[in-house]
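J.: Got a structure for you, questions after.
Read-outs: derived from the displayed coordinates by stated rules, not from any lab. If you're wondering where the values come from, they're calculated on a predicted model, not measured in any experiment. Here the Cβ positions follow ideal geometry from the backbone for every residue, glycine too, while neighbour counts run over all protein chains shown.
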Amino acid sequence: MKQITTFDAYLRAYEQSIADPEGFWAAVAEDFQWHKKWHKVLTWNFTEPRVSWFEGAKCNITENCLDRHAARNPNSVAIIWEPNNPAEPSLHITYQDLMRRVNTFCHALKKIGIKKGDRVCIYLPMIPEAAVAMLACARIGAIHSVVFAGFSSASLADRIKDSGCCCLITADAFCRGEKKIELKKIADEALVHTPTIQHCIVFNRLNEPINMLPGRDVWWQELTNNCPDEFSAEIMDAEDPLFILYTSGSTGKPKGVLHTTAGYMIYTAYTFLNVFNYQPGEIFFCTADVGWITGHSYLLYGALLNGATTVMFEGIPTYPDHGRLWDITDKHRVNILYTAPTAIRSLETFGTDIFKTKDLSSLRVLGSVGEPINEDAWRWYHTHVGKNRCDIVDTWWQTETGGILISPIATVTPLKPAYATLPLPGVQPVVVDEQGKELTGSPAEGNLCIKFPWPGMARTVYGNHERFRQTYFSTYPNLYFTGDGCRRDAEGYYRITGRVDDVINVSGHRIGTGEVENAINEHPDVVESAVVGYPHEVKGQALYAFVICTQKIPDTEKFGAEVREVVAKKIGAFAKPDKIQIVPGLPKTRSGKIMRRILRKIAEGDTTNLGDTTTLLDPSVVEAIIAGSR
Ligand code: WT7
C-alpha cells in the first residue's frame, strides 16, 4: 500500500477515491494475499440496503495478518503483552510464534467440531489468548463474537443467545488493578440460559478454583496439548462474515453488528497505515479492550495486517499508580499511543508532577477515540504527553463503520484541537438538516450521514436485516445515518458534537438509555424510569436516572445502591447511573412520550430555559422534579 505523506497527496488520493472509488480501492487491495481476485469491486444500494466489496475474491484475513509476515520477518514482534501486575514479566510474541499459537488453537477448535460459519463467543481478559482465539476463529472460518469481560452474565447470555454461539472461550479469573474478576463464575451463570453452547474452553490465567462441567468445559491448556502448529487456513469468500460485535442503540436490545472479510481487511489495514503514519518497526499501543471495535480494528487486525508490533495491556491506567501508561510507553519504547479522552481527563486530575520522572521521548503520534475530545484535554495530551512535538489524530468512527472515517492523517493534515478534521479517502460525509436536506455549503451544522459505501462498513445486524435498514438507512433516504451531530467549519473541517439520539457515551462506553431503563425497572419498587446523560468532567457524560416508585422509599441511599446493583447485574458496572432521583411522575406528552429534552436540561442543572412545556400532559410534574433535583 502506498502511504500518504503530504497534504497534497491526501487531496489527490481523496479526489481519485471519489471520482473512481472502484479503481481506488482495487489498487489498495492489490497488495494483499488472495487465493482468487475479485470480478467486481463494488455492488451497492442504500435502500435494501446491500453492499458487497470485492465480489468473487477469495482470501483468509489471517494469512494476511500472519503468514505474510511470518515468512518474511519471522522474528519480528507481533504482540507485546503487558500484564496487569508490573512485577509479572511482559511477553514478546513474534509473528512466527503467534502464527504457531493460532494454528495450534485452530486444531483445538476443529477437534471439538467447530466449523466454518459457526459462531464462537469470546469472553476473555486482555491476554494474548484473546488475540489467538479471534485469529483462530477467522482462520477456520468461524465467526467470532467478542463480549467485553466487563459485561454481566445477563448481557453475556443475551449475546450468546442472539447469535446462537456453539462455543464459549473464557478464563478462570483475572485481575484489573486491585480487583479480581471471577470470569468463569460469571460465565457459568450465563451458561444456564444458553442451550446452544456445547463447549466452553477455559484458559487458566490465575489458577483459581472453578467449576468445570464434564463434557462441556475443557481447559485451554489441555485441549491444545499435542495439537500441531501448522494449519492451512480456510479459504473464505470476500463477503463471508468475519465477526459479530454487539453495540447499543437508542431502542431495543444491543445489535449484533456484522462485518465481513475482504472489505474490513482492506479498510482497517489502509486506515491504520495512513492515520497513524505507521513506519516499519514502530511500536503501537492501543489502550482499548479487544471487547470493543477499537480493539478489533486497530489493536489487532489493522496492526497485524501491517506487520506492526502491537502492545496489549491487561490492566488499567491507574494501577499501580497513575503513571502506568507512561511507564509502559517508556518500557516498550512506544511510538504511537492510541487512547480515549476519558482516560486523558482522568489522568489530568492527578496533575503533571508524574511527568518529571517519565521520558516519553519514543512517542511520535498520539491518537484519540471514542468520544469528542474537548479542547482542554487535547491541549493537555499535546503538551504533557506529546511534548508539543506529536501530532494528535482525533479519529471519528463507530462499531458500524469498522474503521476510522474522519480523522487527521498524522504528519500530513494540519491539526485543529477538538476537530476530527477531514474525511479519509473513500469517505463521503454529508451534513443534513432535520428534514434531511443536504447542507452543501460551509460552515454547516446538522446531522452527520455518509452517502457512499466504504469497504469497512457493517453489512447487516446479525439475524435482523430489517433492523439494520431501519436503524441506519431509513431516517434519510439513500444515506447512512451515523446518529451523530456535527459542525463543518468554513475550511471544511468536521467537529463531531455527539449523539443526537438516545445513546449516551459514558467514559467511551456506548450505552442505550432504554437498556438502562429496562434494568432499573426490574427493581421491585420501581414503576417506571427515564435515563438521560449529563456532562461529566472525567467521563464525558454520566447517567442520571429519574425513577417513579411504587411506594414511599424510607431509605433512598439503600434504594440507590440497589438500583445500581440491578444495573450492574443486568448490563455491567460501567452502566451504573451516577445520579438517581425519585420523582412523582415523568414529563410526558399527551401521546405518552417522555420528553427527554426537559429531563436533560434538569440533569444539566439548567432549569431556567426548559423550552415549550405546553404539550405536556401534566406540566406541574416538571416543577416537582426541579424541586427534587436541588
Ligand atoms: C460513537 C461510536 C469508534 C470506536 C469507539 C467507539 C462517538 C467515537 C469519536 C470522536 C467524537 C466520537 C460517536 C460515535 N465517537 N469517536 N473521535 N469524536 N465522537 O465506538 O462504541 O460504536 O461508538 O462514539 O458518538 O457515534 P462505538
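J.: Where does segment 1-147 land on Rg/Rh, using Cα atoms and the Kirkwood Rh?
T.: 1.04
J.: For segment 199-327, report the convex hull volume of the alpha-carbon atoms normalised per residue, in Å³, without decimals.
T.: 222
J.: In which sequence would F54, F355 go, from the one with the fewest C-beta neighbours within 10 Å to the one with the most? Write out the running numbers ahead of the final one.
T.: Working: F54 29, F355 15.
Fewest-to-most Cβ neighbours within 10 Å comes out as F355, F54.
J.: Here's another thing I want to ask about it. Provide the net charge surrounding V102, with neighbours chosen by a C-beta distance below 14 Å and charges set as Lys +1, Arg +1, Asp -1, Glu -1. Kindly include the intermediate steps, with their values, before the conclusion.
T.: Numbers: positive: R68, R100, R101, K110, R139; negative: E63, D67, D97, E129, D229, E230, E234.
Residues close to V102 contribute a combined charge of -2.
J.: Ok, one more. Rounded, prolate or oblate: which fits the chain, taking a ≥ b ≥ c as square roots of the Cα gyration tensor eigenvalues, rounded meaning a/c under 1.5, else prolate when a/b beats b/c? Show your work: numbers first, answer last.
T.: Values: a/c = 1.43, a/b = 1.20, b/c = 1.19.
Rounded, because the longest to shortest axis ratio a/c is under 1.5.
J.: From the phi angles alone, apply the Karplus equation (6.51, -1.76, 1.60; θ = phi - 60°) to segment 84-101 and give each ³J(HN,Hα) in whole Hz, x where the residue is Gly or Pro.
T.: For segment 84-101, the Karplus-derived couplings read 4, 8, x, 7, 6, x, 7, 10, 10, 10, 6, 4, 5, 5, 4, 4, 5, 4 Hz, x marking Gly and Pro.
J.: Hey, which lysines would be in cross-link range of K588, C-alpha to C-alpha under 25 Å, not counting anything within fewer than 8 residues on its own chain?
T.: K253, K552, K576, K579, K601
J.: Can you order the peptides 179-187, 228-236, 330-338 by their average number of other Cβ atoms within 10 Å per residue, highest first?
T.: Answer by packing, highest mean first, reads 330-338, 179-187, 228-236.
J.: Please turn the phi angles of segment 506-518 into ³J(HN,Hα) values with the Karplus equation 6.51 cos²θ - 1.76 cosθ + 1.60 (θ = phi - 60°), one per residue in order, whole Hz, x for glycine and proline.
T.: 9, 6, x, 8, 8, 10, x, 4, x, 4, 5, 4, 4
J.: Compute the relative contact order of segment 371-459 as a whole-number percentage, counting only Cα pairs closer than 8 Å that sit 6 or more residues apart in sequence.
T.: Value for segment 371-459: 23 percent.
J.: Follow-up question, since we're still on this one. Return a whole-number percent for the relative contact order of the chain, with Cα pairs under 8 Å and 6 or more residues apart as the contact set. Intermediate values should be presented prior to the final figure.
T.: On the way: 1362 pairs, mean separation 77.0, N = 630.
Here the relative contact order equals 12 percent.
J.: Quick one: E82, E557, fewest Cβ neighbours within 10 Å first, how do they rank?
T.: Taking fewest neighbouring Cβ atoms as first place, the list is E557, E82.
J.: As I understand it, the dipole of segment 282-372 uses +1 on the Cβ of Lys and Arg and -1 on the Cβ of Asp and Glu, about the Cα centre. Which of P317, I354, L366 lies farthest toward its positive end?
T.: L366
J.: Lys and Arg at +1, Asp and Glu at -1: add these up for the other residues within a Cβ distance under 14 Å of W292 and post the number.
T.: -1
J.: Sum up the charges of everything whose Cβ sits under 14 Å from the Cβ of P584, counting Lys and Arg as +1 and Asp and Glu as -1, but leave P584 out.
T.: Once positives and negatives cancel, what remains is -1.
J.: Any idea what the relative contact order of segment 199-336 is, in percent, if you count C-alpha pairs under 8 Å spaced at least 6 apart?
T.: Details: 152 pairs, mean separation 22.4, N = 138.
Relative contact order comes out at 16 percent.
J.: Then there's this: Most exposed first by the Cβ proxy, i.e. fewest other Cβ within 10 Å, how do S52, S297, S155 rank? Provide the component values of the computation, followed by the final result.
T.: Details: S52 19, S297 29, S155 24.
In increasing order of surrounding Cβ atoms, one gets S52, S155, S297.
J.: Can you order the peptides 598-605, 453-460, 189-196 by their average number of other Cβ atoms within 10 Å per residue, highest first?
T.: 453-460, 598-605, 189-196
J.: When ranked by the protection proxy of mean other Cβ atoms within 10 Å per residue, highest first, what sequence do the peptides 513-523, 468-478, 257-267, 430-440 form?
T.: Ranked by mean Cβ neighbours within 10 Å, highest first: 257-267, 513-523, 468-478, 430-440.
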